[in-house]
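To start, the structure itself, in structure tokens.
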Amino acid sequence: MSTPPSGSAGKTIYLLKLVAAGPHQFSLGELAERAGLPVSSVHRLLQEMVRSGLIERGKDQSYRTGRELHRLASQVVSRFDLTRSAHPLLEKLVEDWQETAVLCAYSPVGRNAVIADAVLTPHPLRFAVEKGQEVALPWGSLGRAILAFLPTGEIEAVMREAKAGPLTGQPRSPRPEIHQDLTEIRANGFSRYYNPDNDIAGIASPIFDGTGAVLGCVGVTMPSQRYQLHIEDDLAVAVRAAANDLSERASIAQN
């Protein structure tokens, strides 16, 4: 269980996240136990949410998500659903290049990314990719495609927190080496990764919202032994075009 935040606003957001991830109906005591907060505090905050329509009263002293919360969520999703918008582009990349195409979504709070969607290559020999899988930012094409475009302070925070690589178990590369790579990624608009020792390679390009903030990235991953079979620049151009398409859609949705 994570530590509950301080302040009413922080606790309210924290409770809403628990409600969204929990059962359809819940009791006051159940929510307080999950939140690790006093029942009295949770009751007070729930009443505010009930008055706003975010939470509704159910049967037998239970609560449930309110229609106003559903309405707000629907408005956001209808404007721009990153995963839904990206899926046809991932399918097109797989059709054209016969390699696994991946969408990663970035979380500023956790300073990490997760695989939000993936379309697998038809090749039986492929790198294992699962939805919900965490992507460490200092390693690989997917992570660095996002890391390169974060604010300087966030980049430094990620670097401080980085420990062992998720695939190799080895420490991250020296800072000067990573910063040089990030500079090249910013100049090219995409990142490359080639690791024959672990038989993985990839190319990825960042996705931005209308303010220029990084939403995530689109990438193509493959066993390193097939990396040289592709016309590298053409594949990079295709990945970057897919990411640019999603960035344009996100920008339009914000306006």
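The values are calculated or read from the model by the stated rules, or taken from the named source; none is laboratory data. For clarity, every value in this text was computed on a predicted model and none was experimentally measured. Using ideal geometry, Cβ is built from the backbone for each residue, glycine included, and neighbour counts are taken over all protein chains shown.
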Per the filter on region 6-42, residues over 22 Å from the mean Cα position of the chain (by Cα) and hydrophobic (A, V, I, L, M, F, W, C) are Ala9, Phe26, Leu28, Leu31, Ala32, Ala35, Leu37, Val39, Val42
Of the conditions (1) within 30 Å of Val239 (Cα to Cα); (2) outside the structural domain of His230 (by TED's automatic domain parsing); (3) of a type outside the set (Phe, Trp, Tyr), the single one that Val114 does not satisfy is (2)
Go through region 195-241 and give me each residue that's under 14 Å from Glu99 (Cβ atoms), touching a helix residue (DSSP H, G or I) at 6+ places or on another chain (Cβ under 6 Å) and surrounded by fewer than 18 Cβ atoms within 10 Å (Cβ to Cβ). Asp199
Residues in region 178-195 that are in a helix (DSSP H, G or I) and basic (Lys, Arg) total 1
Can you go through Leu235, Leu246, Leu215 and tell me which one is modelled with pLDDT of 85 or more, in the same structural domain as Ala128 (by TED's automatic domain parsing), out of contact with any Lys or Arg (no Cβ under 7 Å at 6 or more places or on another chain) and more than 22 Å from Glu134 (Cα to Cα)? Leu235
Quick one: what pairs do we get from region 121-147, first residue over 16 Å from Arg175 (Cα atoms), second of a type in the set (A, V, I, L, M, F, W, C) and assigned to a helix (DSSP H, G or I), C-beta under 6 Å, 6+ apart or different chains? Val135/Leu142
Hey, any hits in region 91-105 for a residue that's among the aromatic types (Phe, Trp, Tyr) and either modelled with pLDDT under 90 or under 15 Å from the mean Cα position of the chain (by Cα) (or both)? no
Quick check: anything in region 64-71 surrounded by fewer than 19 Cβ atoms within 10 Å (Cβ to Cβ), under 19 Å from the mean Cα position of the chain (by Cα) and assigned to a helix (DSSP H, G or I)? no
Taking region 3-34, which residues are over 14 Å from Thr65 (Cα atoms), modelled with pLDDT under 90 and among the small types (Gly, Ala, Ser)? Ser6, Gly7, Ser8, Ala9, Gly10
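Residues are listed down the side, and each one gets a yes or a no for (1) part of a helix (DSSP H, G or I); (2) buried (at least 16 other Cβ atoms within 10 Å of the Cβ); (3) out of contact with any strand residue (DSSP E or B) (no Cβ under 6 Å at 6 or more places or on another chain); (4) touching a residue at least 60 places away in the same chain (Cβ under 8 Å):
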position: Lys11; (1), (2), (3), (4): yes, yes, yes, no
position: Arg51; (1), (2), (3), (4): yes, no, yes, no
position: Asp60; (1), (2), (3), (4): no, no, yes, no
position: Ala101; (1), (2), (3), (4): no, yes, no, yes
